[in-house]
Amino acid sequence: MRMRNLWTKAGVLGSVSMAFGSMFWSQKKTETTQTGSTTACTEPPSPYELKLVQVLFRHGARTPLKSIPDVMEAQWVPNLLEPPAHTHINYVVTDLEGGPRPSSPVEDSYRANILTGGTYPGQLTTVGMQQLYELGERLRKRYIQDTAFLNPTFSPTEVYVRSTNIVRTIESAKCLVAGLFQQSQSDMVSILTTEAESEILYPNYHGCRLLKHLSGHRWAESSTLPDIAADLRSIQSALGIAAHQRVDFILIRDDMVARETHGLPCPPVLDSWRNTVEQRAVEMICHIYEPSKRENLQLCVGPLFHTLMGNIEDQLQGTTSEPNRKLFLYSAHDTTLMPCLMALGVFDMQWPPYAADITLELHQHRQTKEAFVKVSYIGKDQLIPGCSGVYCPLQEFKQAFSNYSLTSELYESLCNRTEGMADP
């Protein structure tokens, strides 16, 4: 029972519009000179050549992980989970080496419970599937229609897809690929996963003993912080939740946002509490991750940052085993994006919405051949602290990244460190 509770908490912790075409080209495609020659009207080429794209994204809208107790129940009925036909692709889920998909204790913990209406907690809904399809369409516009960076048909040599081993993130990856390539594929789409103990796509409290020691207790502790605790008592009273029920602002927010996204009724009293719930949930997550303490964030994002930087360096040095690879897709969670944004110094104290994405683009100056990295969050370019511009020179970006990046060997060594560890 205790292990099931641990995996449930891991699940909680492991818890976008096409532009319209310009009329310019239809009005003025060419200019005719006096000699009869034509000159194409094109924008000057960018001084930067796009070389590689990596997208780390949150899954789409889902059923709540847990319902707020003692309040009006929402009906989470199975037809809310029907996949739209345009999101279907041919895909297979494997481990990182292409073998059978590992077992998923996190998913198993969800399926040990049934929400009112008959569905499991934490499942991707039709709304969520459409959100990821639309994120794929946004990427299609940027990387296929506007720049012709990617081929319009999915190819496994060009696109790598990895997901946490949880059904909602696997299905989110599938829907994004469907939107990006409009269901056009030259081969089967392989979605790669790994076993829970070695997952790097969220802070791994079960695979890293030191992280659990440093931060595990801070989940419960965050609800006892004076301002948070006072507001929690007030909202419990306003909602009529019995004092013995274990609730916190992250749980309340999760259920509230899930209901609102799907047009399901919320307790009316939540209307006046919405901003407080959002604020307190973010304050809780900041307490849990402790962005002011480098070691904690290192253990949360270190192996992932190392992987992202390794993909960049392999591309620049020509050492990749897949020389045609241009896109890496990583399907993950809000609790993946938040510590990444914190480590990058651009967290805006807002909970990442469903289908939010962090995109890293590797560019090379056409003349100087200098490499630059550009980071965007939900389509908006970010200026990373330590970078001299949005197009961040690679060495500056590496310096910012190196503060948190950890090789797998160093990560494992740190995670297993026990000497000098006192009880929290």
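The values are calculated or read from the model by the stated rules, or taken from the named source; none is laboratory data. What you see is a predicted model; the values in this text were computed from it and never measured. Note that each Cβ is placed from the backbone with ideal geometry, even for glycine, and that neighbours are counted across all protein chains shown. Side chains are part of the model used for accessible areas, which takes the heavy atoms of the whole protein and leaves out ligands, DNA and RNA. Shrake-Rupley method; radii C 1.70, N 1.55, O 1.52, S 1.80 Å.
Things to note:
- Straight-line cross-link partners of LYS51 among the aspartates and glutamates, defined as a Cα under 14 Å from its Cα and at least 8 positions apart when in the same chain: GLU158, GLU313, ASP314, GLU322, GLU361, GLU370.
- Note on THR153 and MET349: with the Förster distance fixed at 51 Å, the Cβ-Cβ geometry gives a FRET efficiency of about 0.80.
- DSSP bridge orientation in the chain - percent antiparallel, rounded to nearest 5: 60 percent
- In the context of the full set of protein chains, residues of the chain present 45 Å² of accessible surface per residue (probe radius 1.4 Å, heavy atoms only).
- Ranking ALA343, VAL277, VAL257 by how far each Cα lies toward the positive end of the dipole of the chain (charges on Cβ) leaves VAL257 at the top.
- Normalised by residue number, the volume inside the convex hull of the Cα atoms of segment 63-149 is 142 Å³ per residue.
- log₁₀ of I(q)/I(0) at q = 0.24 Å⁻¹ - segment 107-177, Debye sum with one point per alpha carbon: -1.09
- Distance histogram in 10 Å bins (all Cα pairs of segment 295-404, percent per bin): 13, 47, 34, 6, 0
- Rule-of-thumb Rg ratio for segment 54-201 [Cα; 2.2 N^0.38 Å; N residues]: 1.11
- Carbon plus sulfur fraction of accessible area for the chain, probe 1.4 Å, in percent: 51 percent
- Charges were assigned to the Cβ only: +1 to each Lys and Arg, -1 to each Asp and Glu. The resulting dipole of the chain about its Cα centre is roughly 320 debye.
- The ratio of the alpha-carbon radius of gyration of the chain to the globular-protein estimate 2.2 N^0.38 Å is 1.05.
- Value of Rg to Rh for segment 211-287, rounded to two decimals, is 0.99; Kirkwood radius and Rg both from alpha-carbon coordinates.
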